[in-house]
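One structure below.
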Amino acid sequence: MIKLRYNLDLNTLKANYLKIFDLASMATLWKPFESTFGMKIQDLLTADFDRLVDVYLQYKVTKLSQDQIDVLNSLFNYKSYQPKLAWFFMNPENKFDFKTCHYCNIAYINAYGKEDSYKTALDFVNRATASEWRYWFKEDELSDVSIDKIIQEQPYPTLEEFNTKKYLWQRIELYKRMIFASTDTRLVPDANHFDIDHVLPKAVCPITSLSLFNFVPSCQVCNEKIKKDAELATTKGDWLKISPTYSGSNFDDAVTIKLVPEVSCSTFFELMKNRENYRLDFDMPEEVYENYVTLFRLHDRYNYHKLRALHILSLKERYSEKKLDEISRMLSKKYDGKDENLYSEAQVREDIFHLDLEKDECFSKLRKDMMERN
């Protein structure tokens, strides 16, 4: 539903990704299959999604012995790489900036950590509470007595001075655990609440289970409770229409979420009190989109939140373009001399509808369709 944005130059992103693997060892195991699938191991790991679909469909019709399948399952063992893959999507160097599940656009997903509360490692050293120190460091690294001394002697002018303190056992550079690199002082995410799902299910085709552009950051509901190992499509054309990792996918343009009245209505504002008189529906031109919506139970899940759609349409009814212009002129006149854009019509519209503020948030697809197509 929501395309995954790759904000880093793709050649750089691919190079960063390949650093995760021991390519020489993998190439040795992959060599007997190279001619069959027409790709070197590094190319398979970084192939664009349209090429991965070719490999996936070819694998399904290729006759392999059980021994060959066992080799491939061992070679493309996703579980053994999962922590590194999760960190790849969390690593600030790779410039991922997703906020919501790419399948449903209902649940928030993100990496998080100390960088949300502290600007730098020195900032952490100077402001972290005793409880935080105990959480991050074992007692054999920092005793309660040492932590108390750290708190008592805050603030420290530099990390280097902090590091010279005698109560830091073994003279270990404790702050390095909390920064991106020893030459940097930025804090980085250390936790996440997102799953990494495979668009092309690894249970069906193991050889695409470590391919970068087969990975979709998603919520646990979509990944673990709903999709599991289901196939979203059967033909290449259909796969390309719905994959969040393919630049040419067009779910957003092809599918429209609509608010449909079940009874005769007066105004949306009045019917906010009677939301049972409305239902959300999906206008879908092709079966592949219908299958997607059905698989992820989007009818049910979105109708639970239909009050959001009613609220947007009631705002549209009360704040027409004419009203927005009137509000802008009234406020601009009252606060004459202020920033000329402070109460422009565009700013008033944003203050009411939050189009820019929430464009990457949950229900952005619903909000867009309510604003533009209803």
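The numbers here are math on the coordinates, done by the rules we state, and not lab data. Model, not experiment: these values are computed from the prediction. Here the Cβ positions follow ideal geometry from the backbone for every residue, glycine too, while neighbour counts run over all protein chains shown.
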* Asked: For G113, which sequence-distant residues (separation of 5 or more, or a different chain) have an amide H within less than 5 Å of its own amide H, given hydrogens modelled in the peptide plane?
  -> D190
* In the range 12-69, what trypsin sites (Lys or Arg not before Pro) fall in a loop by DSSP, with at most 12 other Cβ atoms inside 10 Å? -> K19, K63
* **For peptides 216-229, 345-358, sequence by mean Cβ density within 10 Å, most packed first** => 216-229, 345-358
* Mind putting a number on the dipole of the range 1-75 about its Cα centre? Charges go on the C-beta only, +1 for Lys and Arg and -1 for Asp and Glu, and I need it in Debye to the nearest 20. => 180
* **Set of the range 282-305 residues, backbone N closer than 15 Å to the point 7 Å along the Cα-Cβ line of K258** => 282-286, 290
* To do: Could you bin all the Cα-Cα distances of the range 190-332 into 5 Å bins starting at 0 and give me the percent of pairs in each, rounded to whole numbers?
  => 2, 8, 14, 16, 14, 12, 10, 9, 7, 5, 2, 1, 0
* Asked: Straight-line reach from K334: which lysines have a Cα under 19 Å away, not including same-chain ones fewer than 8 places off?
  -> K322, K323
* Could you work out the Kirkwood radius for the chain, taking every pair of different alpha carbons, averaging 1/r and inverting it, reported in Å? => 24.6
* Asked: Which parts of the range 226-248 would a label at L57 reach, counting a residue when its backbone N lies under 20 Å from a point 7 Å out along Cα-to-Cβ?
  -> 230-248
* Structure fact -> Quick calc of log₁₀ I(q)/I(0), the range 8-104, Debye, one scatterer on every Cα, no solvent, q values 0.18 1/Å, result -1.02
* Run the quick spin-label model on Y167 and E287: label points 7 Å from Cα toward the beta carbon, then report their separation in nm to one decimal. => 7.2
* Structure fact -> For the chain, averaging the sequence separation of alpha carbon pairs under 8 Å that lie six or more residues apart and dividing by its residue count, the contact order in percent is 20
* To do: Along Cα→Cβ, 7 Å out, is where each label goes; now give me the distance between the ones at N91 and R308 in nm to one decimal.
  => 3.2
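Taking a cut-off of 16 Å, what percent of all Cα-Cα pairs in the range 279-344 are separated by more than that?
The calculated P(r) of the range 279-344 puts 65 percent of pairs beyond 16 Å.
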* Asked: Dividing the Cα convex hull volume of the range 58-136 by residue count, how many Å³ per residue is that?
  -> 181
* Based on the Cβ-Cβ distance of H193 and K323, what FRET efficiency does E = 1/(1 + (r/R0)^6) give at R0 = 45 Å, to the nearest 0.05? -> 0.65
* Asked: How many angstrom lie between the C-alpha centres of the range 299-360 and the range 199-215?
  -> 43
